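The values are calculated or read from the model by the stated rules, or taken from the named source; none is laboratory data. Note that the structure is a prediction, hence the values are computed from the model and not measured. Here Cβ is always computed from backbone atoms with ideal geometry, including for glycine, and neighbour counts include all displayed protein chains. Just so you know, the surface numbers come from the protein's heavy atoms only, side chains and all, with ligands and any DNA or RNA stripped out. Shrake-Rupley method; radii C 1.70, N 1.55, O 1.52, S 1.80 Å.
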Amino acid sequence: MRQLIAGNWKMNGLLAEALGLAGDVAAGAEGLSCDLLVCPPATVIEPVVAELAGAPIAVGGQDCHQAASGAHTGDVSAAMLRDAGATWVILGHSERRTNHAETDALVRAKVAAAVAAGLAPIVCVGETEAERLAGQQESVVGAQLAGSLPAGFAGVVAYEPVWAIGTGRTATEADVAAMHGFIRAVLLRHLGAAGRGVRILYGGSVKASNAASLLALPEVGGALVGGASLVAADFLAIARAALP
Ligand code: PGA
């Protein structure tokens with residue numbers, strides 16, 4: 001399966017910046033051997049989709065509400081993301097889990113809502129630094145997977161150690177390989193043979209200089225890129241490092 005290189009723009013990008021970045025990514029996206037995805041802020045999804053028309057780049061949201069519609073002031077439904085042209089959505093990012101107290105059960109409900117609306121979900125899991133220092137990374141991530149993935153899950157999982165996000169610190173290659181192997185085993189246990197088809201992205205300070213070695217590790221199916229996805233040349237360099 002092709003590797004997926006996904007850019008999480010987080011809360012960055014007014015219209016002019018978003019269009020400029022999308023256009024610059026599109027200009028260098030021909031002929032890549034990976035799948036490319038950008039996840040801009042919800043307010044600019046529709047213009048970014050229009051800017052990327054004809055380019056081999058999908059567009060996703062960064063979160064959605066678990067309900068289809070209703071009295072949820074300020075929230076965005078999966079169908080609204082789909083309506084704006086998104087085909088993917090990131091769910092359960094650690095910044096959502098921390099800043100908005102999102103639980104595994106809530107993430108699971110959001111995954112179901114996303115799938116019902118026709119969006120492909122990327123479900124994020126990962127341990128904090130304290131949990132890793134206590135040797136709890138497998139139990140934490142195992143519990144997140146068990147709680148966040150609905151039966152029959154067929155999306156993408158992103159392993160993002162919280163202490164590596166936005167810090168410039170990446171997990172060691174050995175740690176990434178170990179965790180991705182562990183996640184694959186959990187997926188096979190929960191989903192049966194279908195668990196083999198779930199791509200497992202690595203995220204956390206992925207940059208042009210470390211992408212090739214991370215993407216070459218076993219069971220790494222791509223990357224979820226934050227900071228480096230805001231610079232088109234850096235994001236494209238990561239995409240070029242994907243395995244053919
Ligand atoms: P980072 O963010 O690449 O800036 O560490 C990754 C993420 O949060 O998805």
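Is it fair to say Gly7 is surrounded by 15 or more Cβ atoms within 10 Å (Cβ to Cβ), part of a loop (DSSP other than H, G, I, E, B) and at pLDDT 95 or above?
no
When the range 115-154 is examined, which residues are found to be within 16 Å of the ligand (Cβ to nearest atom), open to solvent by 30 Å² or more (accessible area, probe 1.4 Å) and in a loop (DSSP other than H, G, I, E, B)?
Across the range 115-154, the qualifying residue is only Thr128.
If the requirement is being outside any loop (DSSP other than H, G, I, E, B), buried (at least 18 other Cβ atoms within 10 Å of the Cβ) and of a type outside the set (Val, Ile, Thr), which of these qualifies: Ala174, Ala233, Ala223, Ala185?
That would be Ala223, the only listed residue that is outside any loop (DSSP other than H, G, I, E, B), buried (at least 18 other Cβ atoms within 10 Å of the Cβ) and of a type outside the set (Val, Ile, Thr).
Could you give me the residue pairs with C-beta distances under 6 Å whose first residue belongs to the range 1-24 and is within 20 Å of Lys207 (Cα to Cα) and among the acidic types (Asp, Glu), whose second residue is at pLDDT 95 or above and within 16 Å of the ligand (Cβ to nearest atom) wherever it lies, and which are 6+ apart or on separate chains?
Sorted first by the residue in the range 1-24, then by its partner, the pairs are Asp24/Ala232.
Going by the structure shown, is Ala177 away from the ligand (no atom under 16 Å from the Cβ) and among the small types (Gly, Ala, Ser)?
yes
Being part of a helix (DSSP H, G or I) and surrounded by fewer than 20 Cβ atoms within 10 Å (Cβ to Cβ) is the filter here, so list the residues in the range 27-50 that pass it.
Correct list: Ala27, Ala42, Thr43, Glu46, Pro47, Val49, Ala50.
Kindly evaluate Ala67 against the criterion of being open to solvent by less than 80 Å² (accessible area, probe 1.4 Å), in a helix (DSSP H, G or I) and over 24 Å from Gly227 (Cα atoms).
Working: open to solvent by less than 80 Å² (accessible area, probe 1.4 Å): yes; in a helix (DSSP H, G or I): no; over 24 Å from Gly227 (Cα atoms): yes.
For Ala67, the condition - open to solvent by less than 80 Å² (accessible area, probe 1.4 Å), in a helix (DSSP H, G or I) and over 24 Å from Gly227 (Cα atoms) - is not met.
Which number in (1) surrounded by 15 or more Cβ atoms within 10 Å (Cβ to Cβ); (2) in a helix (DSSP H, G or I) marks the one condition that Thr98 misses?
For Thr98, the exception is condition (1).
State which residue pairs qualify: first residue more than 14 Å from Ala112 (Cα to Cα) and inside the range 83-97, second residue assigned to a helix (DSSP H, G or I) and within 12 Å of the ligand (Cβ to nearest atom) in any location, beta carbons under 7 Å apart, and separation of 6 or more residues or different chains.
Pairs found: Ser94/Val162.
List every residue pair whose Cβ atoms sit under 6 Å apart, with the two residues 6 or more apart in sequence or on different chains, where the first one lies in the range 197-208 and is at negative phi and the second, anywhere, is of a type outside the set (A, V, I, L, M) and within 8 Å of the ligand (Cβ to nearest atom).
Hits for this filter: Gly203/Glu160.
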